[in-house]
C-alpha cells in the first residue's frame, strides 16, 4: 500500500514546514519488500515520452549515468534542479543526466498530463539542463526503480556506473559522490553495504508504521470517517511517542475526518492544532476549507486568517497563497476581500512569471486560472 497525494502546485517551496499535501510525510508507508539494492544491475528505462534531450536506451559499460526522479508538484524537486543542471554542465561528456517525471496525477493517463509537464520543462529552461523523460502509464519507472528500492518520496537520485547502481540518495548530496565516481576513487561496495543495511532497518520501521496507518487509509478510502477518528485517537499516543515524523500526517487526517463528520469540532480542533503545529495548520486548514462548499462562515474566515500567516513564511509562493485566501473570502460571502486578494494573486503571479520567480509553480496556465477566478468573483 503506497500513499501519495499529489498537488500540482505547493504554496510553500520546500518541505521543512508542511507542505505539498496533508499526507506528504506518509509517502514512505507500505512499500513492498526492497528488491533493488546498491550493486544491483540498473533496471531498464521504459518511459512514455522523452520530453527533452537525447533518449537513454540502455546503460553502457564504462559510462556514468544519473537518474533523477521528480514531479511537477514537488517543491524539493524544483529546488534541486538548478544544482543538478550545474553538475550536468560541469560533467558534460562524462556523465549523462536524466530527470524522470513520475507520480503526477493519480488515475490520469499520461497523455493528459503531458502538456503540463512540457510546459513545466519549458519554463525551467537552463535550470533543467539535462534529458527529461516521463514515466509510462504502467508506471514502470516508478515501480521498477523507486518502489523496488523501497523509496516512497521524491526527489530521489540513482547513480549508475558500469550498468549497476552505485549510489542512491538525495540530489543535493550527489556532488561529492559524483566527483569520486568520475575520479575513480569511489568505494561503491562500502557505501552499498552501509546503505543496504540502513534500508533493511528502515523497511522494518515502515512495516510497523504501516500496521498503524493501513487501517486508517482503508477507512478513508471507504469514507468511513467515524472509524478514521476512532483509529487515529486510539493510535495517537503511540504515533507521537514512537513515530513523531508521522504525527502531522495523522493530525491532518483527523482534521479531514472531523470536517466530514462534525464541522464545529473541526473548527475547535483547528484552533488547538494551530497553537501546537502552526506549520501544518496554516496550510492544511485553509486548503481543505477552501475546497469545501457550504461550511460555516467561521470556517472560511479561519482559513483566510491562517493563510494570511503563511504570507510571512520565507518560502511561501505568494501568488498561490493569495489565491487560497481569495477562495476562503469568496466562500465566506466577502466578495470585496475576495476580489482584492485575487487581484494580488494575479499581480504577484504576473510579476513572478516575468521575473522567472517560483519557476515550475507559476506558469502561464496559472495566470489564466487566476484571471478566470477573478472574473467569477467580480460577477
In region 85-104, the residues that are assigned to a helix (DSSP H, G or I) and touching a strand residue (DSSP E or B) at 6+ places or on another chain (Cβ under 6 Å): 88
Out of (1) modelled with pLDDT under 95; (2) closer than 25 Å to residue 116 by Cβ; (3) crowded, with 18+ Cβ neighbours inside 10 Å, the odd one out for residue 280 is which? (2)
From 88, 149, 142, 166, grab the single residue that is over 24 Å from residue 315 (Cα atoms) and free of Cβ contacts under 8 Å to residues at least 60 places away in the same chain. 88
Among (1) under 26 Å from residue 337 (Cα atoms); (2) surrounded by fewer than 22 Cβ atoms within 10 Å (Cβ to Cβ); (3) more than 21 Å from the chain's Cα centre (by Cα) - the single one residue 258 does not satisfy: (1)
Could you tell me which residue of region 183-198 is farthest from the chain's Cα centre (by Cα), considering only residues that are surrounded by 11 or more Cβ atoms within 10 Å (Cβ to Cβ) and without any contact (Cβ under 8 Å) to a residue 60 or more places away in the chain? 186
Residues that are touching a helix residue (DSSP H, G or I) at 6+ places or on another chain (Cβ under 8 Å), closer than 18 Å to residue 135 by Cβ and either modelled with pLDDT of 95 or more or in a strand (DSSP E or B) (or both), drawn from region 51-80: 51, 52, 66, 67, 68, 69, 70
So is residue 259 under 13 Å from residue 273 (Cβ atoms) and modelled with pLDDT of 95 or more or not? yes
Just one of (1) more than 30 Å from residue 259 (Cβ to Cβ); (2) at pLDDT below 55; (3) crowded, with 21+ Cβ neighbours inside 10 Å trips up residue 101, so point out which. (2)
I need the helices (runs of 4 or more DSSP H) fully contained in region 268-352, keeping only those with at least 1 residues that are within 15 Å of residue 252 (Cβ to Cβ) and touching a residue at least 40 places away in the same chain (Cβ under 8 Å). 278-290
If we scan region 30-42, do we find a residue that is modelled with pLDDT of 85 or more, within 13 Å of residue 154 (Cβ to Cβ) and not in a helix (DSSP H, G or I)? no
Single residue of 345, 338, 310 found to be surrounded by 21 or more Cβ atoms within 10 Å (Cβ to Cβ) and touching a strand residue (DSSP E or B) at 6+ places or on another chain (Cβ under 7 Å): 310
Picked from region 213-241 (must be without any contact (Cβ under 8 Å) to a residue 24 or more places away in the chain and touching a helix residue (DSSP H, G or I) at 6+ places or on another chain (Cβ under 8 Å)), the residue surrounded by the most Cβ atoms within 10 Å (Cβ to Cβ) is 231
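The values are calculated or read from the model by the stated rules, or taken from the named source; none is laboratory data. The model shown is predicted, which means the values in this text are computed figures rather than measured ones. Cβ atoms come from the backbone with ideal geometry, glycine included; neighbour counts cover every protein chain shown.
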